[in-house]
Amino acid sequence: MTDNKQNERKHRPIFRKPRPSNEPFDDKRYKGGRMKKSTVILRLLGYLGAHKKKLALALGLTVLANALALVGPQLSEYAIDAIERESGVDMPAVVTYCLLMLFFYALSSVLSYLLSILMINISRRVVYTMRKEVFDHLLELPVGYFDENQTGDIISRLSYDIDTINTSLSNDLVQILAGSITVVGSFVMMARISPLLLFIYLFTVPPLILFTRYRVKKVKPLFRARSAKLGQLNGYAEEMLSGQKTIRAYGKEEEMITRFDKRNGEAVEAYYAADYQGSVVGPGVNFINNLTISLISMFGAILYMMSGVNTLTIGSLTLAAMTPGKLSAFILYSRKFLGPINETANIISEIQSATSAAERVFRLLDEKVEADGMAADVVPEKVKGDFEIRHLNFAYTPEKPIIKDLSLSVKAGTTVAIVGPTGSGKTTLVNLLMRFYECGEGKIFLDGKDISRMPLDKLRRQFAMVLQETWLFGGTIAENIAYGSEGATLDDVKAAAKAARIDGYIESLPQGYDTVMDENGMNISKGQKQLITIARMMLVHHPILILDEATSNVDSRTEKFLSDAMLAITEGRTSFIIAHRLSTIKNADVILVLKDGEVIESGTHDELLQEKGFYASLYQSQFD
């Protein structure tokens, strides 16, 4: 690879707006924005291929169970013909054949049960693997993917879509496997009994195939739309549930209900359209199958009446005589032959639903992951925290640049405050430092090394951060504080909590540091959650700190107490502080004033006040 190509690859933006549903992936597996059905099936089979031994056993059970079931009609032929003998009923033979039928059918049922258990076990493991792959892949996707895709839709793919695949693998696949063997075996047995009656299928099977193919093509896009509408409904519901306080504060309950009803109606209509069109297949196929059985019964009876004692003569053609037992067996084999076709037609909607769900899951898995660094040796063994930004440009969308030709140099151990109006690029800048997004143009250097060449995990281990939007997980308070600090003791946790001024609250709880919090800490206030995340940051010893409105949810008194602890923590570390309350950044070594993606002022708090520029006006406005 040439140097030009390496540079082009190195600076290729990883963030992209998610592709519209009609825009194809740059992948041969997709055609017109949709994954080919054959590709979906092959990829699903690839997951099954990891269980070759169990699949081989399943195939063996399928063959054996259906082979035993196919013996039944043959035995019924012998039993009926034993009743028909001119010398009288051969009762011992009839009883023997009936007992053998009972034995073979019972054994076939037992093997079918074992097959179902085995396939459920295989599908369980496949679904576990698939769900794990999806979750692992989500953690490797760029942050931009989550900015532009509804959380509810992502959860729908991770849960509902994969559950749909599970149902199809555990039930429908068994029916298809068993049906395929039954169809082949029944055809062979019918050919043995009466090749002449097989000609009836020349008139009924072609219409059956044409009808089924037509309906499948018509139904497939409807099931794809059904999955998409459900994902949209889940996404909307998730948004509304997370914003309940705001909705109620503004009295928008009725409006939100109306919007939900609209989306719910669209989802129901999509479900109805898919299920209605899918339900047409079963009755249509069943009608053709019943017509086939009727024709076989009629022409079989005619052949029986034309038969002699041992032979059937039609013109110059001489065949074995048609007996009541043979006619009965042929009809039974016909039902077995047509049964799997009818079952497949009845489950066609489930199969289409599963393939549509699989396509949505595979589309997520095919999303490009974050571009990792190419040189694992470029991270210094001991990071100091020197940053240099050269001609940085970035835009979420091409028509709206966020950062424009930004150049900046930050020495190790410096505390840099970044201020500016909303939308000026403050948070975007620190996101670029951690490579949550890739630079569109320009470069960022850490200790003289290009961060785009650094492995993401090693780069991000150099940062500790506290964001305005706090994140806590379901677990004890101690576990949440120690998150990211392997080997931290309870004494370390308590010291960090004390420094963050949250120790008094924690110790007042009945279970103290062992108190279990709800998911995302819903049972404590926003301010308390933010203090816990500050304690978490105080526990780590990373050389670079990012504080994005870190004290926005705490009261002024607590913030004042925290200021000394924050000063101690930032000492000797390179720190980037984003704040709207300018009183919290007076002690910063340098303050950068961003506006429209450009640094319009820089200096210390006193220097910027003396300049009486944009920063001074911002500062004074907070006291007016």
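The values are calculated or read from the model by the stated rules, or taken from the named source; none is laboratory data. These numbers were taken from a predicted model, which means no experiment stands behind them. Using ideal geometry, Cβ is built from the backbone for each residue, glycine included, and neighbour counts are taken over all protein chains shown. Just so you know, the surface numbers come from the protein's heavy atoms only, side chains and all, with ligands and any DNA or RNA stripped out. Shrake-Rupley method; radii C 1.70, N 1.55, O 1.52, S 1.80 Å.
With the structure loaded, tell me whether Thr182 is in a helix (DSSP H, G or I), among the hydroxyl-bearing types (Ser, Thr, Tyr) and within 26 Å of the chain's Cα centre (by Cα) or whether it fails that test.
Here the answer is no, as Thr182 does not meet what is asked.
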Any strands (runs of 3 or more DSSP E) falling wholly within region 411-501 and containing at least 3 residues that are of a type outside the set (Gly, Ala, Ser) and within 32 Å of the chain's Cα centre (by Cα): 463-466
When residues of region 240-264 are limited to those that are open to solvent by 60 Å² or more (accessible area, probe 1.4 Å) and in contact (Cβ under 8 Å) with a residue 24 or more places away in the chain, the one farthest from Ser353 (Cα to Cα): Phe260
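Taking the options Phe104, Phe146, name whichever one is surrounded by 16 or more Cβ atoms within 10 Å (Cβ to Cβ) and either assigned to a helix (DSSP H, G or I) or of a type in the set (A, V, I, L, M, F, W, C) (or both).
Numbers: Phe146 fails: surrounded by 16 or more Cβ atoms within 10 Å (Cβ to Cβ).
The unique qualifying residue is Phe104.
Per-residue answers, yes or no, for (1) in contact with a Lys or Arg (Cβ under 8 Å, 6 or more places away or on another chain); (2) open to solvent by less than 20 Å² (accessible area, probe 1.4 Å); (3) at pLDDT 80 or above:
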| site | (1), (2), (3) |
| --- | --- |
| Asn166 | yes, no, yes |
| Asp172 | no, yes, no |
| Val184 | no, no, yes |
| Leu196 | no, no, yes |
| Lys217 | no, no, no |
Any hit, region 158-176, residues being more than 28 Å from Asp366 (Cβ to Cβ), touching a residue at least 24 places away in the same chain (Cβ under 8 Å) and more than 25 Å from the chain's Cα centre (by Cα): yes
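Answer yes if at least one residue in region 22-37 is open to solvent by less than 40 Å² (accessible area, probe 1.4 Å), modelled with pLDDT under 85, part of a helix (DSSP H, G or I) and hydrophobic (A, V, I, L, M, F, W, C), and no otherwise.
Here is the first cut: in region 22-37, the residues open to solvent by less than 40 Å² (accessible area, probe 1.4 Å) are 25, 30, 33, 35.
So of that shortlist, the ones also modelled with pLDDT under 85 come out as 25, 30, 33, 35.
If we keep only those that are part of a helix (DSSP H, G or I) too, we end up with none.
Scanning region 22-37, I find no residue that is open to solvent by less than 40 Å² (accessible area, probe 1.4 Å), modelled with pLDDT under 85, part of a helix (DSSP H, G or I) and hydrophobic (A, V, I, L, M, F, W, C), so the answer is no.
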Selection within region 270-292 - in contact (Cβ under 8 Å) with a residue 12 or more places away in the chain and over 19 Å from Leu210 (Cα atoms): Ala270, Tyr271, Ala273, Ala274, Asp275
Evaluation of Tyr78 against (1) within 21 Å of Leu327 (Cβ to Cβ); (2) free of Cβ contacts under 8 Å to residues at least 60 places away in the same chain; (3) open to solvent by 80 Å² or more (accessible area, probe 1.4 Å) (one fails), failing number: (2)
The listed residue being among the acidic types (Asp, Glu), modelled with pLDDT of 85 or more and either crowded, with 20+ Cβ neighbours inside 10 Å or out of contact with any Cys (no Cβ under 9 Å at 6 or more places or on another chain) (or both), out of Asp377, Asp366, Asp372: Asp366
Residue list for region 107-129, restricted to those being closer than 23 Å to Ala79 by Cβ and open to solvent by 70 Å² or more (accessible area, probe 1.4 Å): Ser109, Val110
Qualifying residue in region 517-531 (condition: within 27 Å of Gly420 (Cβ to Cβ) and modelled with pLDDT of 80 or more): yes
Number of the exception - Ala56 against (1) loosely packed, with under 14 Cβ neighbours inside 10 Å; (2) part of a helix (DSSP H, G or I); (3) touching a residue at least 40 places away in the same chain (Cβ under 8 Å): (3)
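Only one of these is crowded, with 18+ Cβ neighbours inside 10 Å and without any contact (Cβ under 8 Å) to a residue 40 or more places away in the chain: Lys449, Lys494, Lys498. Name it.
On inspection, the qualifying residue turns out to be Lys494.
Out of Ala237, Ala274, Ala267, which single residue is in a helix (DSSP H, G or I), modelled with pLDDT of 85 or more and either open to solvent by less than 40 Å² (accessible area, probe 1.4 Å) or touching an Asp or Glu at 6+ places or on another chain (Cβ under 7 Å) (or both)? Steps first, please.
Numbers: Ala237 fails: modelled with pLDDT of 85 or more; Ala274 fails: modelled with pLDDT of 85 or more.
From the options Ala237, Ala274, Ala267, the qualifying one is Ala267.
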Those residues of region 140-170 which are closer than 24 Å to Ala50 by Cα and of a type outside the set (Ser, Thr, Tyr), in sequence order: Glu140, Arg157, Leu158, Asp161, Ile162, Asp163, Ile165, Asn166, Leu169
Odd one out for Met1, checked against (1) among the aliphatic types (A, V, I, L, M); (2) at pLDDT 80 or above; (3) over 30 Å from Ala225 (Cα atoms); (4) within 37 Å of the chain's Cα centre (by Cα): (2)
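Could you check region 574-623 and list, in sequence order, the residues that are among the charged types (D, E, K, R), touching a strand residue (DSSP E or B) at 6+ places or on another chain (Cβ under 8 Å) and surrounded by fewer than 18 Cβ atoms within 10 Å (Cβ to Cβ)?
Here is the first cut: in region 574-623, the residues among the charged types (D, E, K, R) are 581, 586, 589, 595-596, 598, 601, 606-607, 611-612.
Still in the list and also touching a strand residue (DSSP E or B) at 6+ places or on another chain (Cβ under 8 Å): 589, 596, 598, 601, 611.
If the condition is that a residue be among the charged types (D, E, K, R), touching a strand residue (DSSP E or B) at 6+ places or on another chain (Cβ under 8 Å) and surrounded by fewer than 18 Cβ atoms within 10 Å (Cβ to Cβ), then Asp589, Asp596, Glu598, Glu611 are the ones that fit.
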